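In what follows, a structure is listed as structure tokens, so that the remarks can point back to it.
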Amino acid sequence: MSAASLPREVYADAAELAQAAATEIAAAAAQAIAERGQFLLALSGGQTPQAMLRALAVKPIDWSRVHLLQVDERIAPLGHSARNLTQLQETLLAHVPIPAAQVHLLPVDAIDPQAAMVACAAQLRQLMGDPPQLDLVQLGLGGDGHTASLLPGDAALDVTGQALAVSACYQGWRRMTLTRPVINRARRVLWLVSGADKAAVLARFVVGDAALPASRIRRENALLLCDVAAAGDLAALEEGD
């Protein structure tokens, strides 16, 4: 797979990257609402998206027509700093008029997570069709090549018959995640990668290194947004083309 197979845009720094990502999501929202009457958006957690979420909060989006999902979530207590929801509430949900019923959280607080995942999957089919199709999924890239909570060597990476899966313990927590089929059906995938610590793995991802879980996400209708620091190792790839 060549480096050119994944369209990408490189920005000067993390601040410009965040603004560009927010602009991309706002444009996708406007298009989806115009064409289908609603915008089905799934957001990832982590450090990189935080500035993007703050930028997104001030974009002119019709939040009454947005349905927001989590790409993944740690099975941690409600309000814990490890929860993606904690960050999502602070940076986005507290600042936009999205109806509470249109925020679809992964059921990590359920007493019976397996039963809760089945119920959640049924809700997704009702909302997004069968099989469910999102308008846009925003993804990040871990230093080990994971995306969402699809981790190297983890059984969740190979789950295809369910919309949701639970990972093994990773960095102290088990995680609930959308599965590859759900992500791969999305109308658009937006990759957001920032920082020099991601340069080596981003270069591997761009050329489609099959050892990386992220490389198992379809590249049709995908766009990579990164900053100069993360793109540091990509020049060598271009010289080799």
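The values are calculated or read from the model by the stated rules, or taken from the named source; none is laboratory data. Only a predicted model underlies this, so the values are computations on that prediction, with no experimental measurement involved. Ideal geometry is used to build each Cβ from the backbone, glycine not excepted, and the neighbour counts take in all protein chains shown. Only protein heavy atoms, including side chains, enter the accessible area calculation; ligands, DNA and RNA are left aside. Shrake-Rupley method; radii C 1.70, N 1.55, O 1.52, S 1.80 Å.
Do we have E9 as in a strand (DSSP E or B) and farther than 27 Å from T86 by Cα here? Taking the combined requirement at face value, the residue satisfies it. Yes or no: the range 228-241 includes at least one residue that is over 19 Å from the mean Cα position of the chain (by Cα), among the β-branched types (V, I, T) and within 24 Å of I25 (Cβ to Cβ). The answer is yes, given that some residue of the range 228-241 is over 19 Å from the mean Cα position of the chain (by Cα), among the β-branched types (V, I, T) and within 24 Å of I25 (Cβ to Cβ).
When the range 219-233 is filtered for residues that are under 16 Å from P7 (Cα atoms) and either open to solvent by less than 60 Å² (accessible area, probe 1.4 Å) or modelled with pLDDT of 95 or more (or both), the ones remaining, listed by number, are R219, A222, L223, L224, L225, C226, D227, V228, A230, A231. On inspection, H95 fails the criterion of being in contact (Cβ under 8 Å) with a residue 24 or more places away in the chain and touching a strand residue (DSSP E or B) at 6+ places or on another chain (Cβ under 9 Å). When you check D144 against the structure, is it part of a loop (DSSP other than H, G, I, E, B), at pLDDT 95 or above and out of contact with any helix residue (DSSP H, G or I) (no Cβ under 7 Å at 6 or more places or on another chain), yes or no? Yes; evaluated as a whole, the condition is true for this residue. Looking only at residues in the range 89-123 that are of a type in the set (V, I, T) and surrounded by fewer than 17 Cβ atoms within 10 Å (Cβ to Cβ), the one that is farthest from the chain's Cα centre (by Cα) is I111.
Scan the range 159-180 and tell me whether some residue there is in contact with a Pro (Cβ under 8 Å, 6 or more places away or on another chain) and of a type in the set (D, E, K, R). No; the residues of the range 159-180 include none that is in contact with a Pro (Cβ under 8 Å, 6 or more places away or on another chain) and of a type in the set (D, E, K, R). Over 22 Å from A14 (Cα atoms) and at pLDDT below 95 - does that describe any residue in the range 180-192? No; the residues of the range 180-192 include none that is over 22 Å from A14 (Cα atoms) and at pLDDT below 95. Among residues of the range 61-86 being open to solvent by 60 Å² or more (accessible area, probe 1.4 Å) and among the polar types (S, T, N, Q), the one that is nearest to L157 (Cα to Cα) is S81. Taking first residues from the range 23-37 that are of a type in the set (G, A, S) and partners that are buried (at least 19 other Cβ atoms within 10 Å of the Cβ) and assigned to a loop (DSSP other than H, G, I, E, B), the Cβ contacts under 6 Å between residues at least 6 apart in sequence or on separate chains come to A26/I61; A29/I61; A32/D135. Considering the range 27-60, the residues that are part of a loop (DSSP other than H, G, I, E, B), at negative phi and surrounded by 16 or more Cβ atoms within 10 Å (Cβ to Cβ) include one that is nearest to the chain's Cα centre (by Cα), namely S44.
To keep it simple, each residue is scored yes or no on (1) free of Cβ contacts under 8 Å to residues at least 12 places away in the same chain; (2) open to solvent by less than 10 Å² (accessible area, probe 1.4 Å); (3) assigned to a strand (DSSP E or B).
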residue	(1), (2), (3)
P152	no, no, no
A156	no, yes, no
G161	yes, no, no
A168	no, no, no
T177	no, yes, yes
I183	no, yes, no
L190	no, yes, yes
D197	no, no, no
